[in-house]
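These notes are about the structure you will find just below.
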Amino acid sequence: MTALGFLYPGHSAEDDYQRIEQMLGSDIRLDLVHTDIGEDAHRVDALLEMGSADRLAAGVEELRLCGAEAVVWACTSGSFVYGWEGAHEQVRALARAAGMPASSTSFAFVHAVRELGVRRVAIGATYPADVAELFAEFLRAAGIEVTGLHGAGIITAAEVGEWSEEEVAALAQDSDQADAEALLLPDTALHTASSIASLEEQLAKPVLTANQVSVWEALRLTTRKVNAPILGRLFRREPLVQA
């Protein structure tokens, strides 16, 4: 059994993790602890408070008791808002508090893009334009070219969590760019687990979504590899060759 821990802000699309656990269909357990978000707002000051060290540290004891082997701060905006260096310090502090390997969804996107071997991406963000631009800057700091950035202007995670699959598909379609090698949907409040395969078929390119890459990142931290094509190209592995 591989136990993976996630600190998830508030309540919006946390059921994606239950779906992903079922889709993995293996001896992998996803343990999720909700953090106190303070004010639900895609606004820089609120996001900085949401991702503060004290708020994250408060949830790690429960994950330790669950037997988690790694922890991911499952919040994109609450990590990239600190900038490249600040986000590194955030996960270092989280690792110290948790006593286990740690990362965040923002770094999960960077590592997933590198895993796919792509350099040019388009972004379909639910956030207001200024917050969406901070994510683009974070990716550029990692050497990733952003060919297009679309912000939907949604202020609260609660509203994003109510989006239908049709609205997610429309965001993806509106955000895609012909010269982008992959599309990124960076909000963990967005339900996407059931839509990734259809989105990739629709756009004919890899689609990376926040909850998907968060799980993949936790697996990466534990060096666990899983073949689950239903979760998109990121989870597609060649089948083992039997001797």
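The values are calculated or read from the model by the stated rules, or taken from the named source; none is laboratory data. These numbers were taken from a predicted model, which means no experiment stands behind them. Counting neighbours? That spans all protein chains shown, and the Cβs are built from the backbone with ideal geometry, glycine included.
Just to verify a result, which residue in the range 123-160, among those that are of a type in the set (S, T, N, Q) and modelled with pLDDT of 95 or more, is surrounded by the most Cβ atoms within 10 Å (Cβ to Cβ)? Across the range 123-160, the extreme among qualifying residues is 126. Candidates in the range 178-196 are the residues that are touching a residue at least 24 places away in the same chain (Cβ under 8 Å) and surrounded by fewer than 17 Cβ atoms within 10 Å (Cβ to Cβ); of these, the one that is nearest to residue 42 (Cα to Cα) is 194. Checked against (1) buried (at least 18 other Cβ atoms within 10 Å of the Cβ); (2) within 25 Å of residue 128 (Cβ to Cβ); (3) modelled with pLDDT of 95 or more, residue 70 meets all criteria but (2). One residue stands out in the range 13-40 among those that are among the small types (Gly, Ala, Ser) and over 14 Å from the mean Cα position of the chain (by Cα): the one that is modelled with the highest pLDDT, namely 38. The set of residues in the range 20-56 that are without any contact (Cβ under 8 Å) to a residue 12 or more places away in the chain, outside any helix (DSSP H, G or I) and not charged (D, E, K, R) contains only 52. Residues in the range 108-149 that are touching a residue at least 24 places away in the same chain (Cβ under 8 Å) and either of a type in the set (S, T, N, Q) or assigned to a loop (DSSP other than H, G, I, E, B) (or both): 118, 119, 126, 127, 128, 142, 143, 144, 147.
Can you spot a residue in the range 10-20 that is of a type in the set (Asp, Glu) and buried (at least 24 other Cβ atoms within 10 Å of the Cβ)? Walk me through how you get there before you give the answer.
Initially, the range 10-20 is screened for residues of a type in the set (Asp, Glu), giving 14-16.
When the remaining residues are screened for being buried (at least 24 other Cβ atoms within 10 Å of the Cβ), the result is 16.
Yes, there is a match, as at least one residue in the range 10-20 is of a type in the set (Asp, Glu) and buried (at least 24 other Cβ atoms within 10 Å of the Cβ).
Go through the residues of the range 40-57 one by one and say whether even a single one is crowded, with 23+ Cβ neighbours inside 10 Å and hydroxyl-bearing (Ser, Thr, Tyr). Scanning the range 40-57, I find no residue that is crowded, with 23+ Cβ neighbours inside 10 Å and hydroxyl-bearing (Ser, Thr, Tyr), so the answer is no.
Looking at the range 37-45, is at least one residue over 22 Å from residue 209 (Cβ atoms), in contact with a strand residue (DSSP E or B) (Cβ under 9 Å, 6 or more places away or on another chain) and among the basic types (Lys, Arg)? No, the conditions are met nowhere in the range 37-45.
Taking the range 82-107 as the region of interest, how many residues are assigned to a loop (DSSP other than H, G, I, E, B), crowded, with 16+ Cβ neighbours inside 10 Å and either in contact with a Gly (Cβ under 7 Å, 6 or more places away or on another chain) or at positive phi (or both)? Working first, answer last.
In the first step, residues of the range 82-107 are kept if they are assigned to a loop (DSSP other than H, G, I, E, B); the result is 82, 99-101.
Next cut, crowded, with 16+ Cβ neighbours inside 10 Å only: 82, 100-101.
So of that shortlist, the ones also either in contact with a Gly (Cβ under 7 Å, 6 or more places away or on another chain) or at positive phi (or both) come out as 82.
Qualifying residue count, the range 82-107: 1.
Which members of the range 150-168 meet the condition of being within 25 Å of residue 17 (Cα to Cα) and in a strand (DSSP E or B)? Listed by number, the list holds a single entry, 151.
When every residue of the range 169-192 is checked against the conditions, at least one turns out to be within 20 Å of residue 16 (Cβ to Cβ), assigned to a helix (DSSP H, G or I) and out of contact with any strand residue (DSSP E or B) (no Cβ under 6 Å at 6 or more places or on another chain). I want to confirm something. Restricting to the range 189-243 and keeping residues that are modelled with pLDDT under 95 and basic (Lys, Arg), which single residue is farthest from the chain's Cα centre (by Cα)? Within the range 189-243, the match that is farthest from the chain's Cα centre (by Cα) is 237.
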